[in-house]
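Below is one structure, written out as structure tokens; the observations come after it.
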Amino acid sequence: MLKYDSYYFQCPHCQTWLEGRNLKAEMVNQSILYSDGKVLNDNLITTPQKMIMCPSCGHIFWVEKPEEPFITFEKPDAEVYSWNTWRFFGISFSDNKGKMALVNHYKTFLKKSHYDPKKEIYLRRFLWWAYNDLHRNHQHVRLKYLLNGFMSFGVWHCNRKMILEGEKLFLKNHKDFTENLKRLLALLEKHPDEQIDLEVPEIYRELRQFDKAKELLDQMGSRTHFTNEILRHSKWKDARVFMVTG
Ligand SMILES: [Zn+2]
């Protein structure tokens with residue numbers, strides 16, 4: 001079970017109170033790292049959400065650092081919108097419809113206005129992860145996964161159907177996926193301070209530029225499990241997101 005500390009902040013437009021959560025890192029049982037850099041703690045994404053759409057008035061605002069005096073740890077004596085109402089814009093991810101809704105949210109935000117490079121990187125990275133969510137756990141479709149006894153036949157079958165459908169949606173949107181990644185790559189190469197871990201070679205791999213991914217990884221001095229895994233998948237000419245550790 002994840003444990004959080006709650007904090008509270010106000011929409012700058014309508015002053016409605018929203019509840020935020022800080023993860024208590026020491027309470028995490030299982031962390032999963034994916035090749036695109038997304039981390040799940042006990043199955044939940046805990047990367048802070050910087051762009052918020054007020055659940056009361058729809059105003060969009062940014063929270064770069066949830067720190068005092070902008071936030072308070074004391075529960076205000078007023079109605080508070082819970083974390084779930086604004087977290088990922090209140091979307092439920094139990095099916096592919098929800099996953100596509102998140103993709104479309106980010107696409108709309110990017111179309112609607114112009115952002116500074118830092119904010120555009122943030123939105124494009126989250127759009128990239130949202131596309132990858134459509135087929136993120138593709139290894140689960142294998143019969144091996146059922147036979148390992150991780151899940152019952154009913155759960156495995158249902159999950160498999162969702163991932164295969166997700167893969168179809170991913171391929172249908174592949175042109176948009178590629179355009180977003182190319183734009184993200186250009187921004188990250190221009191702003192190296194904003195790069196996270198191995199995301200640049202990983203982007204080349206997901207763009208099917210396997211030789212470029214290998215070249216960048218070969219240039220890195222030290223080898224880690226993460227580097228080796230991206231190299232391995234590049235050699236296989238496999239461009240799909242995969243689980244690195246978990
Ligand atoms: Zn508001």
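Laboratory data are not the source of any read-out in this text; all were calculated from the coordinates shown. Because the structure is a prediction, the values reported are computed rather than measured. Cβ placement follows ideal geometry from the backbone for every residue including glycine, while neighbour counts extend to all protein chains displayed.
Taking the mean number of other Cβ atoms within 10 Å as a proxy for protection, how do you rank 11-18, 201-208, 227-234 from highest to lowest? Numbers along the way, then the final one.
Details: 11-18: 15.6, 201-208: 22.2, 227-234: 17.8.
In descending order of packing, they fall as 201-208, 227-234, 11-18.
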Open item on the list: Based on Cα coordinates alone, diagonalise the gyration tensor for region 1-101, multiply each eigenvalue by 5, take square roots, and list the semi-axes in whole Å, largest first.
Closed with: 24, 18, 12
- [ ] Starting from the Cα of Lys97, draw a straight line to each of the aspartates and glutamates and keep only those under 19 Å, dropping any in the same chain fewer than 8 residues away.
- [x] Asp133, Glu165, Glu167, Asp176
TODO: Using only Cα atoms, find the angle between the long axis of helix 210-219 and the longest principal axis of the chain, and express it within 0 to 90 degrees, rounded to the nearest 10.
DONE: 80
Task: Net dipole in debye of the chain [+1 Lys, Arg Cβ; -1 Asp, Glu Cβ; about Cα centre; nearest 20] - done: 1140
TODO: Mind listing the lone cysteines of the chain, meaning no other Cys beta-carbon sits under 4.7 Å from theirs?
DONE: Cys158
Task: Within region 54-160: Cβ-based charge dipole about Cα centre, in debye rounded to nearest 20 (Lys, Arg +1; Asp, Glu -1) - done: 820
- [ ] Would you mind classifying region 1-57 by shape? Square roots of the alpha carbon gyration tensor eigenvalues, ordered a ≥ b ≥ c; an a/c under 1.5 is rounded, otherwise it is prolate if a/b is larger than b/c and oblate if not.
- [x] oblate
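Rounded to a whole number of µm²/s, how large is the Stokes-Einstein D of the chain at 10 °C and 1.306 mPa s, given Rh as the Kirkwood radius over C-alpha pairs? Could the numbers behind the result be given before it?
Details: Rh = 19.7 Å.
It diffuses with D of about 81 µm²/s by this estimate.
Would you calculate a helix-derived [θ] at 222 nm for the chain, using -39,500 (n - 2.57) for each DSSP H run of n ≥ 4 and dividing by the full residue count, to the nearest 500? The partial results should precede the final answer.
Numbers: 9 runs with 109 residues, N = 246.
Result for the chain: -14000 deg cm²/dmol, rounded to the nearest 500.
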Task: Positive-end residue of Leu169, Ala186, Trp62, charge dipole of the chain with Cβ unit charges - done: Leu169
Open item on the list: I'd like the orientation of helix 153-172 relative to the chain: the angle between its Cα long axis and the longest Cα principal axis, in ° from 0 to 90, rounded to 10.
Closed with: 90
Task: Three principal axis lengths of region 77-131 [C-alpha, angstrom, descending] - done: 38, 30, 17
- [ ] Springs between alpha-carbon atoms under 10 Å, Gaussian network over the chain: tell me which of Phe150, Phe210, Phe93 tops the mean-square fluctuations.
- [x] Phe150
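Does region 112-238 come out rounded, prolate or oblate by the C-alpha gyration tensor, with a ≥ b ≥ c the root eigenvalues, rounded set by a/c under 1.5 and, if not, prolate when a/b is larger than b/c and oblate if not? Present the calculation step by step, with values, prior to reporting the outcome.
Details: a/c = 2.36, a/b = 1.41, b/c = 1.67.
Since a/c reaches 1.5 but b/c is at least a/b, the shape of region 112-238 is classed as oblate.
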Open item on the list: So if I place +1 on the C-beta of Lys and Arg and -1 on the C-beta of Asp and Glu, and nothing else carries charge, what would the dipole magnitude of region 56-101 be about its Cα centre? I want it in debye, nearest 20.
Closed with: 360
Task: Positive-pole candidate from Tyr8, His135, Met53, dipole of the chain, charges at beta carbon - done: His135
- [ ] Give the angle, between 0 and 90 degrees and rounded to the nearest 10, that separates the Cα long axis of helix 174-190 from the longest principal axis of the Cα atoms of the chain.
- [x] 80
Task: Relative contact order (percent, whole number), region 1-112, Cα cutoff 8 Å, 6+ residue spacing - done: 25
